[in-house]
Amino acid sequence: MIDVTHIVRKDDSGDLNSDNEPKTKFPKTLFTYLTTFKEVCRIQKVNKTILKALSDVNSIKAWGIYDYDLDTRYFSTDSFKGFKGSKINYLLSMIFNAYKWNAIIVGHINIAKVIRIIKFLNPKLEIILVAHGIEVWDKQKGSKRWLLHNSNKIISVSNFTKSVLYRDWE
């Protein structure tokens, strides 16, 4: 099981807040990914686990590029947006909402170009990358390399992937 809940904290009222920042009306964290409910593969199962772990945190949003619908056993419909494969709508939504987040959990390295733009627009954004496996085993170039080197945290779904990532850092 993946523990991603350490990236957020609740204050006594149940709202997300960091120790020194004023509360805002915007969500603090976005989990963005390719797909979770359209297909059933290993990556989608990991995404479901992450969504379930985050489901009790009120101010977290989840955006799926290729998802149409949501299985409410995993996450609230109020906090979910599926872009139904519309990359343009996804990109524009990410750009127009970039300033709203303190942290973004990136569900796949293939979203790297978009995350790079968002980080440019919101330099204080904390990036947490989920590394699933084969897609990060080879030496990365361009935005994917940038994402690996500029993520504040990387969550690896296997010890093998973790060892490959460590090897590439040396």
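The values are calculated or read from the model by the stated rules, or taken from the named source; none is laboratory data. All values reported here derive from a predicted model rather than from experimental measurement. Neighbour counts run over all protein chains shown; Cβ positions are idealised from the backbone, glycine included. To get the accessible areas, we keep the full protein, side chains included, count just its heavy atoms, and leave off ligands, DNA and RNA. Shrake-Rupley method; radii C 1.70, N 1.55, O 1.52, S 1.80 Å.
Any residue at all in region 62-82 that's part of a helix (DSSP H, G or I) and among the aliphatic types (A, V, I, L, M)?
No: zero hits.
How about region 93-108: which of its residues are surrounded by fewer than 22 Cβ atoms within 10 Å (Cβ to Cβ), under 25 Å from THR161 (Cα atoms) and at pLDDT 90 or above?
Once the filter is applied, which keeps residues that are surrounded by fewer than 22 Cβ atoms within 10 Å (Cβ to Cβ), under 25 Å from THR161 (Cα atoms) and at pLDDT 90 or above, region 93-108 yields only ALA103.
Could you list, in sequence order, the residues of region 129-170 that are assigned to a helix (DSSP H, G or I) and open to solvent by 90 Å² or more (accessible area, probe 1.4 Å)?
If the condition is that a residue be assigned to a helix (DSSP H, G or I) and open to solvent by 90 Å² or more (accessible area, probe 1.4 Å), then ILE134, ARG145, ASN159, PHE160, LYS162, TYR166, ARG167, TRP169 are the ones that fit.
Among (1) open to solvent by less than 60 Å² (accessible area, probe 1.4 Å); (2) basic (Lys, Arg); (3) modelled with pLDDT under 80, where does ARG73 come up short?
(1)
Find the residue count for region 56-68, including only residues that are modelled with pLDDT of 75 or more and open to solvent by 40 Å² or more (accessible area, probe 1.4 Å).
The total comes to 3.
Return a yes/no flag: does region 117-125 have any residue that is open to solvent by less than 20 Å² (accessible area, probe 1.4 Å), assigned to a helix (DSSP H, G or I), in contact with an Asp or Glu (Cβ under 8 Å, 6 or more places away or on another chain) and under 16 Å from TYR33 (Cβ atoms).
no
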